[in-house]
Ligand code: URA
């Protein structure tokens, strides 16, 4: 097969076969197909798109380029989630203990944060002693014991995606739905869970800025997952402002604990319950109409919180964090209020800018190699639709380095827009598929 013909077919609007896609991608990974041919093929996809079948085949080739995590020796129904990334997104920390306390199995591989978005691994590591690097045997044994474990990705998952993504990044071919969907699902399907619920975010702090694009991405990923035999659902949720109030690692752990105690912010609670409900329904562990009640009960009874404590203990963290997060978690030296320069209503918040403020303070990384400071971050006190007086605090900055404070404050203030007239609160859940 000539790679030239594979590109020509795509350029002229015809679908590529599985064999053609495999020849191109496998050849690329081995270094036999050059960058310039793959770039031309990617650009042809950018303009001509892919059929559902092509997209599923591309995902399979990406998936099979690396290691797969076989969970068959783990008991129970394995549920997994994936978020396309946001600011203040600590859903996994609340969701995992909830679904595990209901008897589902939550064997989760999570990532670190990059740029304006955070990562679950960094958040968990802010708990003193918590280990996210686990040997396979230990990971499996914790999941079999308590129904939940969360570890960083050490396996060589989907190396084809790493190479393709780097090329897409420099050839202006990142934002094509089939390429994004196969990139995400090629990694997600490497863990053989039974149920996957996707949280596809849309808005100023999300990868997908427009709602129609987020919906199209959700539909594409659902189709791929179903074609690969998984039970799938997707929640399209708003990221036009941070989720909850806390942005920063230890701050987010504290907020997740509060939420499991029934004292967290409404939006974080609502989204977590929506995702948990989809997991309960797809797993068929209860009647669909009873799913919400089961979730509320496991929180009210304290079972979900106990599950978080068991997780922290099993992975070497100090379990007292659950009872007294303020005492156990690292805290920042300085705490500054950011005062509102206006009187009126919060019209919009650029969530990405809030994420960047937290990153500047040290809560996130600009480059993969950067370290992070677990204690620092931002607490958002005023959200869209809230009334605010001049001089009233909009947010609190938690800093360890006084020199970073001014830049973070400037960006935070720049993220807010105000209106003299009342503004509607934002809808959190746009669609559930
Ligand atoms: N995230 C991914 O993993 N891949 C993409 O293509 C875009 C976002």
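None of the figures in this text is laboratory data; all of them are computed from the coordinates on show. Keep in mind the model is a prediction, meaning the values are calculated, not measured. Note that each Cβ is placed from the backbone with ideal geometry, even for glycine, and that neighbours are counted across all protein chains shown.
Over the range 344-400, what lengths in whole Å, largest first, do the semi-axes of the equivalent ellipsoid take, defined as the square roots of 5 times the eigenvalues of the alpha-carbon gyration tensor? Could you put the intermediate results ahead of the total?
Values: eigenvalues 138, 31, 8 Å².
In descending order, the three semi-axes are 26, 12, 6 Å.
Pick out which of 369, 337, 277 has the largest mean-square fluctuation in a Gaussian network model of the chain, springs linking Cα atoms closer than 10 Å. In the Gaussian network model the winner is 369. From the Cα gyration tensor of the range 187-318, with a ≥ b ≥ c the square roots of its eigenvalues, which class applies: rounded if a/c is under 1.5, or else prolate if a/b is larger than b/c, or else oblate? Oblate, because a/c is 1.5 or more while a/b does not exceed b/c. Among 171, 120, 132, the largest mean-square fluctuation in a Gaussian network model of the chain (Cα springs under 10 Å) belongs to 171. Seen from a random direction on average, the alpha-carbon convex hull of the chain projects onto 20.8 square nanometres.
Across the range 1-91, the fraction of Cα-Cα pairs farther apart than 22 Å, rounded to a whole number, is 42%. Entry note, the chain: the mean residue ellipticity at 222 nm calculated from DSSP H runs of n ≥ 4, each adding -39500 (n - 2.57), is -14000 deg cm²/dmol after division by the residues and rounding to the nearest 500. The convex hull defined by the C-alpha atoms of the range 368-433 has an orientation-averaged projected area of 7.5 nm². Working note: Debye formula, equal point scatterers on the alpha-carbon atoms of the range 124-255, no solvent; log10 I(q)/I(0) at q = 0.22 Å⁻¹ is -1.33.
Over all pairs of distinct alpha carbons, what does the Kirkwood formula give as the hydrodynamic radius of the range 156-230, in Å?
Working: mean 1/r = 0.0763 Å⁻¹.
Radius from the Kirkwood sum: 13.1 Å.
Quick one: which of 73-83, 423-433 comes out on top by average Cβ neighbours within 10 Å, and what's the full order, highest first? List each step's numbers first, then the result.
Numbers: 73-83: 19.3, 423-433: 14.5.
Order by mean packing, descending: 73-83, 423-433.
Taking every DSSP bridge with both residues inside the chain, close to 50 percent are antiparallel.
Working ranking of peptides 102-109, 352-359 by packing, defined as the average number of other Cβ atoms within 10 Å per residue, highest first, is 352-359, 102-109.
Computed FRET efficiency, Cβ-Cβ of residue 301 and residue 131, R0 30 Å: what is it to the nearest 0.05? Before the final figure, lay out each step's value.
Numbers: r = 29 Å, r/R0 = 0.95.
So the FRET efficiency works out to roughly 0.60.
In terms of other Cβ atoms within 10 Å, 267, 12 run from fewest to most in the order 12, 267.
Across every pair of non-identical alpha carbons in the range 235-283, the mean reciprocal distance, once inverted, gives a Kirkwood radius of 11.6 Å.
Along its first, second and third principal axes, ordered by size, the range 287-346 spans 50, 36, 16 Å in Cα coordinates. Residue exposure proxy: 301, 182, 193, ordered by other Cβ atoms within 10 angstrom of their Cβ from fewest to most, comes out as 301, 193, 182. Each of 94, 121 has some number of other Cβ atoms within 10 Å of its Cβ, and from fewest to most they run 121, 94.
Quick check: from the Cα gyration tensor, does the range 25-165 come out rounded (a/c under 1.5), prolate or oblate? It would help to have the intermediate numbers written out before the result.
On the way: a/c = 2.12, a/b = 1.85, b/c = 1.15.
Prolate shape, in that a/c is at least 1.5 and a/b is the bigger ratio.
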